[in-house]
1. In this model, which of 63/286; 41/93; 93/286; 93/191; 46/229; 137/229 are farther than 30 Å apart at the alpha-carbon?
2. Summarise the long-distance tail of P(r) for region 184-268 by giving the % of C-alpha pairs beyond 22 Å.
3. Under the definition of Cα pairs under 8 Å and six or more residues apart, what whole-number percent is the relative contact order of the chain?
4. What is the distance in Å between the Cα centres of region 60-131 and region 252-282?
5. Against the empirical 2.2 N^0.38 Å scaling, what ratio does the C-alpha Rg of region 46-95 come to?
6. Give me the log10 of I(q) over I(0) for region 136-294 at q = 0.10, 0.13, 0.18 Å⁻¹, as the Debye formula computes it from C-alpha points; what are the numbers?
7. Taking the Cβ of residue 132 as the centre, find all other residues whose Cβ is under 12 Å away and add up their charges (Lys, Arg: +1; Asp, Glu: -1).
8. Calculate, for the chain, the solvent-accessible area per residue in square angstrom, rolling a 1.4 angstrom probe over the heavy atoms of the protein chains.
Amino acid sequence: AMMEATPAPAPHAHGHGHGAPAPRGISVPGVASIIAVASGKGGVGKSTTSINLALALRDMGLKVGLLDADIYGPSVPRLSGVAQKPETTADGKTMIPLENFGLQLMSIGFLVEEETPMIWRGPMVMSAISQMLKEVKWGPLDVLVVDMPPGTGDAQLTMAQQVNLAGAVIVSTPQDLALIDARRGVAMFEKVNIPILGVVENMSHFICPHCGGRSDIFGHGGAHAEADKMGVPFLGEIPLNMRIREMSDAGLPIVVSDPQSPQAQAYRHVAEGVKAALDRVTAASKQAPRIVIE
């Protein structure tokens with residue numbers, strides 16, 4: 001690609017008037033776009049969302065990888081049903097990602113036993129994440145989905161600043177407390193000029209398997225209203241559903257194991273929104289900066 005020989009500063013989707021930042025940090029060879037799936041706190045189903053989103057993007061004909069950057073609680077080995085250690089290239093310097101369901105996969109969980117406690121400080125966590133980005137033979141990929149650690153602490157901020165992220169997807173549950181955390185997540189990415197691709201409302205409502213009645217266990221629609229208020233896209237609702245949980249635990253994510261189910265359709269709907277947002281962001285960054293005289 002001749003274009004890449006002359007790096008021009010890429011203006012961002014919402015240039016907040018700080019002048020367009022130069023391309024940030026690590027670009028991963030072989031990867032066109034990196035997207036972060038993040039949440040303000042743990043327990044909102046971010047990893048399950050990440051793998052099903054990755055699979056739904058794969059169904060749209062993209063080449064997709066999934067990086068589990070959640071060092072303290074790596075879920076991707078369990079979710080993907082893959083557990084062996086990755087092999088390295090001949091020179092021993094680069095790891096080859098594992099593959100399942102047509103996804104390239106990497107997780108610290110492939111390198112340490114599931115029961116091993118990760119008692120690491122921030123800099124060690126960051127160095128592990130950057131190794132899994134730079135010293136893994138990714139690609140060629142259209143999208144690398146990064147399952148971020150929960151919260152808005154050091155690892156998230158460093159990741160947002162050091163990695164050339166195309167955008168972030170924020171996962172929230174409908175209740176007010178989780179929304180406060182989601183807001184914090186959105187604010188963090190906006191502060192470091194990373195476009196928000198949208199918000200997903202996870203565990204949105206429960207359909208009783210016996211009577212088909214719907215219960216809004218955690219309330220409903222909170223994330224949609226919040227996304228509108230913050231001016232970021234709302235990507236869709238994922239129901240609170242036994243099948244999603246069972247298939248996740250079994251290492252057969254619902255988009256693979258039951259692709260025609262309404263649950264899988266919900267993830268596909270989210271993936272379409274993510275892809276559309278990603279296309280908007282990449283188109284915006286390819287335009288030359290315009291001087292606007294007001």
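The values are calculated or read from the model by the stated rules, or taken from the named source; none is laboratory data. Just so it is clear, the structure is predicted and the values come from calculations on it, not from any experiment. For neighbour counting, all protein chains shown are included, and Cβ atoms are generated from backbone atoms with ideal geometry for every residue, glycine included. The protein model used for the area step is the full one, side chains on, heavy atoms only, and it has no ligands, DNA or RNA in it. Shrake-Rupley method; radii C 1.70, N 1.55, O 1.52, S 1.80 Å.
1. Violating the 30 Å Cα-Cα cut-off are 41/93; 93/286; 93/191; 137/229.
2. Working: 1338 of 3570 pairs.
Result: 37 percent of Cα pairs exceed 22 Å.
3. Here the relative contact order equals 25 percent.
4. Measuring centre to centre over Cα atoms gives 22 Å.
5. The reported ratio for this selection is 1.33.
6. Each listed q maps to, in turn, -0.43, -0.71, -1.26.
7. -2
8. Values: 13970 Å² over 294 residues.
I get 48 Å² per residue for this part.
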